[in-house]
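Notes follow the structure.
The values are calculated or read from the model by the stated rules, or taken from the named source; none is laboratory data. Small disclaimer: the values here were computed from a predicted structure and weren't measured. Heads up, the Cβs are rebuilt from the backbone with ideal geometry, glycines too, and the neighbour counts pull from every protein chain shown.
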Amino acid sequence: MSVNSVFPKEYGYVALVLVFYCFLNFWMGFQVGKARKKYKVSYPTMYATEAENKDAKLFNCVQRGHQNSLEMMPVFFVMMILGGFKHPTICALLGAFYIVTRYFYFTGYASGDPMKRLDIGKYGFLSLLGLMICTMSFGLNLLKG
């Protein structure tokens, strides 16, 4: 049994988008590492406190931007993987858009002004909504037999 007999040909786009998100995640992690050095926040401290570090808010914004992306990753991956079985091209496009919005979410947050994360980053939820609809369509299609 070949891979192409199990997955639609376009499912390759879904796989590639998932890998691109991993690259974005690695990049965000490196940004947190750089912020740790810049603001002198050593491991295992997850978040800095203003009592101990005058730059706590700046570091925490970088850390929080990455942490939120990690928190959303399972939802994004599951919706991409499942919805992509029935709608691979649509899911790949929604996923690519999500990655772009996640980049702006992170960079806006990392600016030190948490509200900037929403300038473009807020549109990522439209991608997730679209992915949920694709996944529901896949599930309903399975139930119909």
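At-a-glance table
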quantity: Residues located in the range 49-76, provided they are in contact with a Leu (Cβ under 9 Å, 6 or more places away or on another chain) and not aromatic (Phe, Trp, Tyr); calculated: 69, 72, 75
quantity: Failed item, numbered, when residue 59 is tested on (1) over 30 Å from residue 12 (Cβ atoms); (2) crowded, with 18+ Cβ neighbours inside 10 Å; (3) touching an Asp or Glu at 6+ places or on another chain (Cβ under 8 Å); calculated: (3)
quantity: Matching residues in the range 102-123 - criterion: being more than 17 Å from residue 29 (Cα to Cα), assigned to a helix (DSSP H, G or I) and free of Cβ contacts under 8 Å to residues at least 40 places away in the same chain; calculated: 115, 116, 118, 121, 122, 123
quantity: Selection from the range 1-23 of residues that are surrounded by 11 or more Cβ atoms within 10 Å (Cβ to Cβ) and modelled with pLDDT of 95 or more; calculated: 10, 11, 12, 13, 14, 15, 16, 17, 18, 20, 21, 22
quantity: Residue among 102, 36 that is of a type in the set (D, E, K, R), in contact with a Gly (Cβ under 8 Å, 6 or more places away or on another chain) and either surrounded by fewer than 18 Cβ atoms within 10 Å (Cβ to Cβ) or closer than 22 Å to residue 117 by Cβ (or both); calculated: 102
quantity: Among the candidates 85, 26, 97, residue that is in a helix (DSSP H, G or I), of a type in the set (Phe, Trp, Tyr) and loosely packed, with under 13 Cβ neighbours inside 10 Å; calculated: 26
quantity: Verdict on residue 135 being more than 14 Å from the chain's Cα centre (by Cα), modelled with pLDDT of 95 or more, assigned to a helix (DSSP H, G or I) and polar (S, T, N, Q); calculated: yes
quantity: Search result, residues across the range 44-102 that are closer than 29 Å to residue 143 by Cα and small (Gly, Ala, Ser); calculated: 83, 84, 92, 95, 96
quantity: Single condition residue 51 does not satisfy, out of (1) of a type outside the set (Lys, Arg); (2) part of a helix (DSSP H, G or I); (3) surrounded by fewer than 15 Cβ atoms within 10 Å (Cβ to Cβ); calculated: (2)
quantity: Flag if residue 42 is exposed (fewer than 11 other Cβ atoms within 10 Å of the Cβ), at pLDDT below 95, of a type outside the set (D, E, K, R) and in a helix (DSSP H, G or I); calculated: no
quantity: Inter-residue pairs, beta-carbon under 8 Å, first under 20 Å from residue 69 (Cβ atoms) and in the range 83-96, second crowded, with 22+ Cβ neighbours inside 10 Å and of a type in the set (S, T, N, Q), 6+ apart; calculated: 94/127; 95/127
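Conditions tested, residue by residue: (1) under 21 Å from the mean Cα position of the chain (by Cα); (2) on the phi > 0 side of the Ramachandran plot; (3) of a type in the set (A, V, I, L, M); (4) part of a helix (DSSP H, G or I).
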position	(1), (2), (3), (4)
12	yes, no, no, yes
46	yes, no, yes, no
61	yes, no, no, yes
72	yes, no, yes, yes
